[in-house]
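Shown next, in structure tokens, is the structure this report addresses.
Computed from the coordinates by the stated procedures, all read-outs in this text should not be read as laboratory data. All figures in this text were calculated on a predicted structure; none of them were measured in a lab. We place every Cβ from the backbone using ideal geometry, glycine too, and count neighbours over all the protein chains shown.
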Amino acid sequence: MSDEALLPRRPTLVDVARLAQVAPSTASRALKESPRISEETRLRVRAAARGLGYQPNRVAQSLRAMAAPFVGIVVPDIAITFYSRFVKGAQEVLEAAGYQALVLNTEREAGHEEVALRTLEGHRVRGILLATSRPDAPEPHIPTVYFDSLAPGRGAARVALANAQGMDLLVGHLAAHGHERIGYIGGPPTFTSGAERLAGFRLAAERLGLDARAAYVEIADSTWSADSAGAAMTRLLALAEPPTAVVASGDTLALGAIGACRAAGRRVPDDLALVTFDDPLFGALFDPPLTALRRSDHELGRRAAGLLLASLAGGNGDGPAELRLPVELVVRRSCGCPAA
């Protein structure tokens, strides 16, 4: 028998309630001097507690008193710079309002997301910021703000970058260089960010009268991986009339595309111009420096958190708000422009 088994068991609130012949909730209120409990019951409960030597767990009480309400943040991949910046911005606003964030990663897997949402609801979080991998999935039962990958018509609000505007800036810049055959490497259109960027690319190509043949559009895998982008770029380079410029709809896709160009002996931008929607953390230090879109991921997180707090306070009464943050073209050398 262990030493621990030899120690006397500490009396619990249930023991006090049983001895005083009341419910545990009544015993708890009586020990807290609740005015809802009669004097006779309070005396009986206190006598039972003294007789058993019952002592409340002050540590647990203190932790309950200090516990902050929680908000869940569900992201596809926290290792991606966009999502880590978003989370930091959201946390600033939430913590200033007295909330703590629980961040869960889904790896863009629908099953992981379902488990994450179930876990958050089980922990009774007040609300959720959600970059969904399942746009057609049922909406959570608590206030939810969708961001980046949206679910049209759902949520207390929806927040994303101006994807179509960004693609128009990138394609227009390449067209100004004289490119008519422009390729595209993007994420799956099952995510709204992927669908909107692809649609924006096609609209911009049509507006400018560019060659927008289907062979110039390549879709990466569901994780937007560099390897899948490299394979996509290899296919574009193998065309009888390959594009003279390529738009990557994400920074990891751009890196994979550059790697494939180097493996094929093609130089960026001398042999092929390249631009990307996402500006990597050290985009100016790449060889060549990447022409990209400057976005305020941090501000996107702040705005999403603000909309969720407004919903928790009873706002957004006119229906779901949809906010789009604009992007700005940052010209570097990968598009063929001279070094700044």
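Subtract the Cα-Cα distance of E241 and A137 from 0.36 nm times their separation in residues, and report this length gain in nm to one decimal. Display every interim value, and only then the final one.
Values: separation 104, 0.36 × 104 = 37.44 nm, distance 4.12 nm.
Working it through step by step, the gained length comes to 33.3 nm.
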Per its Cα gyration tensor (rounded if a/c is under 1.5, else prolate when a/b beats b/c, else oblate), region 157-255 is best filed as oblate
The base-10 log of I(q)/I(0) that the Debye equation returns for region 130-181 at q = 0.31 Å⁻¹, one scatterer per C-alpha, is -1.16
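Relative to the present Cα-Cα distance, how much length would full extension add between V14 and A96 at 0.36 nm per residue of separation? Before the final figure, lay out each step's value.
Values: separation 82, 0.36 × 82 = 29.52 nm, distance 3.84 nm.
That works out to 25.7 nm of additional length.
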Cα pairs beyond 35 Å in the chain, in percent, come to 42 percent
Label model pair F282, I78: point-to-point distance (7 angstrom along the Cα→beta-carbon line) in nm is 2.3 nm
Note: H177 to H298 extended length (0.36 nm per residue) minus current alpha-carbon separation gives 40.4 nm
Once phi for every residue in region 273-290 is put through the Karplus expression 6.51 cos²θ - 1.76 cosθ + 1.60 (θ = phi - 60°), the whole-Hz ³J(HN,Hα) values, with Gly and Pro written as x, are 7, 9, 9, 9, 5, 8, 8, x, 4, 10, x, 6, 9, 6, 10, x, x, 8
Charge dipole of the chain built from unit charges on the beta carbon (Lys, Arg +1; Asp, Glu -1), centred at mean Cα; most positive-end Cα among S296, A162, A90 is A90
